[in-house]
Amino acid sequence: MSNWIKVCQLDEIPPAQARTVKAGDVMIAVFRLTGDRVKAVENRCPHKHGPLAEGIISGDDILCPLHNWRIHLEDGQVAAPDKGCVKTYPTKIENGVVFLDF
Amino acid sequence: MNDKKKLVMIGNGMAGVRAIEEILKANPDMFDITIFGAERYPNYNRIMLSPVLAGDTTVEDIILNEEQWYTDNHITLHLGKRIKEIQRGYKQVIAEDGTKAKYDNLIIATGSNPFIIPIPGHDKEGVMAFRDIDDCDAMVEAAKKYKKAAVIGGGLLGLEAAKGLLNLGMEATVIHDQATLMNMQLDSIAGDMLRADLEKQGMLFKTSTLTTEVLGEKRVTGLKFKDGSNLDCDLLIMAVGIRPNMALAKDCGLFCNRGIVVNDYMQTVTDSSIYTVGECAEHRGIAYGLVAPLFEQAKVLAHMITGQGLKAYEGSVVSTKLKISGVDVFSAGDFMGTPGVDMIELMDKVGGVYKKIILEDDKIKGLVMFGDTADGPTFFQWMQDGKDVSEQRSTMLFSASGLGDSGHSGIDLAAEMADDTVVCGCNGVTKKDVVDSIVKGGLTTRKEITACTKAAGSCGGCAGLVDQLLASTLGTAFVESEHDPICACTDLNHEQVKEQIKTKKLTLVREIMSVLGWKGEGCQVCRPAINYYIGMMWPEDSQDDRSSRIANEKMHANIQKDGTFSVIPRIYGGETTPDELMKIATVAKKYNVPTVKITGGQRIDLLGVKKEDLAPMWKDLGMNCGYAYGKALRTVKTCVGSNWCRFGTQDSTSLGIHLEKELDRIWFPAKVKLAVSGCPRNCAEATIKDVGIVGVEGGWEISTGGNGGVHVVATELLCIVHTTQEVEEITKAYLQHYRETGRHNERSAPWQKRVGLESIKAIVVDDLNNRKALVARLHLYVAQQDTDPWAERVADAEKGYQQFSEYKQIVIPIEVELS
Ligand code: SRM
Ligand SMILES: Cc1cc2nc3c(=O)[nH]c(=O)nc-3n(C[C@H](O)[C@H](O)[C@H](O)COP(=O)(O)OP(=O)(O)OC[C@H]3O[C@@H](n4cnc5c(N)ncnc54)[C@H](O)[C@@H]3O)c2cc1C
Ligand code: SF4
Ligand code: FES
């Protein structure tokens, strides 16, 4: 069952950057990718808990700001040779508003 | 019920558990695994018992696999349970307490037992071996009560034990039956040098002596020797060798000779369902006593048992290193050589260095090194590769990596080692494995590298080499060679990209990537580089691309390991005032800054600041941004100079403050640090800075291209001038030239080395017109940088975070379940 929750206006996320969303105890990083696509993952690198929202976006990947692990935002998988994955959250944009599904 | 095969292992030691790790790697789901270990501890790094004894590390630190690891891998672990019988007919093993386990495959990995010489009195209290944690504990306890220790056996283990006991405050005498210490690994010259070094550390020796009796009533009180002499002691360690632990195997009818005999696939020759690995195994007549070959065996075993086909173990050549701090010994292969053999030697008695290489047909057959062992692993690799060294033979003993890098040969060695050179002999880890883990894995500490590759995880002998690789890789991570592309996103190198930006007048990062045919959308290497080049070349027509800045530069603060930030305001020239200090203190208090630290750069670091507090703090501080996070001017270190100092010939403080103000807010290819000293005593350490300025009578010496970081480089003298105006002009011209021709992430030291000091001199010192032109271009750039980045962020914040809304968290008041 979907549980879409409004997060912010798309414009409130600068292009090719991210915002952090605090939902309960969980910190989520919401990224605005090329073509105004939005992806959301838990803001916590599987390596040493780096805040992913501060990293550099490379295509559909985020490079963790602490030690440059590369994480695919679509499925949360860490790129080889490292291993791990981060929780992802479905997103949608309707009328310029970003929604997350919990 | 599941249909997994049952795998039982006897012995929870280094070789066995490595085999299990290899099996899990090859096929994690194939077996139900049960391990019996006689010791109370999970698998630990036995090798490191010597450093534990010597007080250099602790038992907790040498555990290799925590109990959690066994749980995570669904391994049933029986600690403290010794197997007393293998029933091959029932395919089961029985422990002393009656626990039974059935197997489809059995691995015997029982290691070896220390050999106790059966002389009269050997069973007295206070006589022991050095093999496990319990022995180690017992020695530490004994050292609290007793004072005089004797160690029988002048080999690797005996010497390490004696060193440990010395460190524990005991008097330690090593008794050796041969004249040469470590005679299995060293020739008499190296053995004597070793002895002299250890004597300096306080170790006592009695060599060429056989011990005939252990004296004492209940507890040992002394030893008696064949020559009739005696020695008092109240603790005796026997370190005379080991015997493969094969009793269980013998009792169940497996063929044993020196050890449990195995074929090339580590199966016992008697029963193919039973494998043996480690010191208890005898392969082609040899039972090994060092971990490197045992780990190779473990790999082969895993390959075979998981049915991946035939991969044979063909025996190993071993190398040895002694783990006593301050004493460097390396030995491998046939180090003695037959009479008349071809060999090269280097002997430096005063410097305490001795190297000998035995050659045959220009190939290395064996080597001994003492004092300087940095090249040991390289030579060992050459030996294993059968490399023809006729070209190197005249120079190789000075240093495999070439001459003339006094004090830093190690760093160059690491950098120049071939990719496939084995760095960690114990675990067969190559340079490439280590470098990949740093570059691709982003690892930054030896500990992480060990966890990821296992390098330096066993004897630790290569820890220094791993550190050097780390240093040389991190220090130059993105400093490409002449023609390498910037990164995997493009085929173009730095110069080609710069050229394109200039001729096509490209001013947007994304535009450049599409015009120049980038693969993908760029990464953390190329995008910041392009962003820098654009800003440097088109200061008036380009805008900084914040999405192409790494976290630190984007946030104008250093990101910390816990995701908080640090704030370092400018304190020009390191000179401050009571008011400024009070302001910093007030802000630190207001925002509960957990740590306030004086940095190595003469200013104050407020560490552990929350992201959302950054802008408010900057506002309250009202000080300029210190750029401690960026590829920008960091600090201009100064000394008190002629204002106060009785030796000062020049006012270094004022000049430093002036330069720091002039060069503020400028982006460079890499960070830039200056220092100004008031006299040649050089208290500001100017000679390891990017630009170092030293006051002399009637003028200033300007020297450049220094670096005090990973690879220390002293500056080279650029010129001597008379006035501060000239210092300012030449410094600016030098730095602008560096800005224009340096590659992103290339510090001035490697840059200066690359383009050459003479060419720099010609451009920035000798050619006056060019100097002025460079300074003019720098001024044009500076004119565009009219606001302080912190002030800009504060203003944005006050306008409602328009542009930098990401400082503000969005809070959604719900609970989210984490799966
Ligand atoms: C704060 C400070 C240590 C301290 O507590 O004293 C420091 C802290 C860091 N240094 Fe440093 N360095 C500090 C003085 C130095 C010095 C000494 C100096 O400047 O006089 C050096 C050697 C001199 C030199 O650079 O030539 C130094 C050589 C390095 C290096 C190696 C650079 C090299 O070219 O070899 C790095 C790594 C890098 O830059 O890639 C580094 C990187 C770092 C980073 C930025 C690590 C990082 O990338 O996050 C550290 C940030 C800590 C933090 O989060 O706040 N730090 N670092 C010093 C800040 C001085 C300041 O006021 O700005
Ligand atoms: C102080 C010291 C320093 C060393 N330094 C180095 C060095 O610098 N470099 C190097 O390469 N090597 C070094 N070694 C040697 C290295 O530690 C061994 O080669 C290695 O540990 C052997 O591994 P293994 O698995 O064969 O045996 P072990 O690690 O000894 O493991 C065997 C395990 O089996 C257990 N066991 C035995 N019988 C039974 C049974 N019946 N039931 C249940 N469990 C049983 C034992 O208790 C033991 O825990 C050193 C050794 C020592 C003691
Ligand atoms: S402050 Fe510098 S030396 Fe200290 S840990 Fe960080 S990078 Fe290393
Ligand atoms: S914490 Fe993300 S790469 Fe280390």
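The values are calculated or read from the model by the stated rules, or taken from the named source; none is laboratory data. Quantities reported herein were computed from a predicted structural model and do not represent experimental measurements. We place every Cβ from the backbone using ideal geometry, glycine too, and count neighbours over all the protein chains shown. Areas reflect the complete protein model, heavy atoms only, side chains present, ligands, DNA and RNA absent. Shrake-Rupley method; radii C 1.70, N 1.55, O 1.52, S 1.80 Å.
Some notes on this structure:
- Every residue from the stretch B:1-45 that is within 34 Å of the chain's Cα centre (by Cα), polar (S, T, N, Q) and open to solvent by 40 Å² or more (accessible area, probe 1.4 Å): B:Asn27
- Lone unmet requirement of (1) more than 16 Å from ligand 2 (Cβ to nearest atom); (2) open to solvent by 30 Å² or more (accessible area, probe 1.4 Å) for B:Glu296: (1)
- Selected residue (only one of B:His494, B:His483 is at pLDDT 90 or above and under 34 Å from the mean Cα position of the chain (by Cα)): B:His494
- In the set (1) within 14 Å of another protein chain (Cβ to nearest Cβ); (2) more than 17 Å from A:Ile57 (Cβ to Cβ); (3) touching an Asp or Glu at 6+ places or on another chain (Cβ under 9 Å), the condition left unmet by B:Val509 is number (2).
- Residues of the stretch A:34-53 that are charged (D, E, K, R), near ligand 4 (Cβ under 10 Å from one of its atoms) and within 21 Å of A:Ala23 (Cβ to Cβ): A:Arg44 alone.
- Wholly within the stretch B:542-630, helices (runs of 4 or more DSSP H) carrying at least 1 residues that are touching a Lys or Arg at 6+ places or on another chain (Cβ under 7 Å): B:551-555, B:614-621
- Scanning the stretch A:32-50 for residues that are facing chain B (nearest Cβ under 7 Å) and touching a Phe, Trp or Tyr at 6+ places or on another chain (Cβ under 6 Å) yields no hits at all.
- Sole residue being at the interface with chain B (Cβ under 9 Å from one of its Cβ atoms), among the hydrophobic types (A, V, I, L, M, F, W, C) and open to solvent by 60 Å² or more (accessible area, probe 1.4 Å), chosen from A:Ala80, A:Ala53, A:Ala18, A:Ala23: A:Ala80
- Check on A:Leu63, within 9 Å of chain B (Cβ to nearest Cβ), over 24 Å from B:Asp562 (Cβ atoms) and open to solvent by less than 20 Å² (accessible area, probe 1.4 Å): no
- No other residue among B:Lys147, B:Lys102, B:Lys124, B:Lys91 is away from ligand 2 (no atom under 16 Å from the Cβ), in contact (Cβ under 8 Å) with a residue 12 or more places away in the chain, away from chain A (no Cβ under 14 Å) and open to solvent by less than 50 Å² (accessible area, probe 1.4 Å) apart from B:Lys124.
- Residue count for the stretch B:320-331, restricted to those that are open to solvent by less than 40 Å² (accessible area, probe 1.4 Å) and more than 9 Å from ligand 2 (Cβ to nearest atom): 5.
- Yes/no for B:Gly699 being at pLDDT below 95, in the same structural domain as B:Pro669 (by TED's automatic domain parsing) and either under 25 Å from B:Tyr532 (Cβ atoms) or within 16 Å of ligand 2 (Cβ to nearest atom) (or both): no
- Tally, over the stretch B:266-293, of residues that are open to solvent by 40 Å² or more (accessible area, probe 1.4 Å) and either modelled with pLDDT of 95 or more or closer than 18 Å to B:Met14 by Cβ (or both): 3
- Any hit, the stretch B:74-87, residues being closer than 30 Å to B:Ala143 by Cβ, open to solvent by 30 Å² or more (accessible area, probe 1.4 Å) and in a loop (DSSP other than H, G, I, E, B): yes
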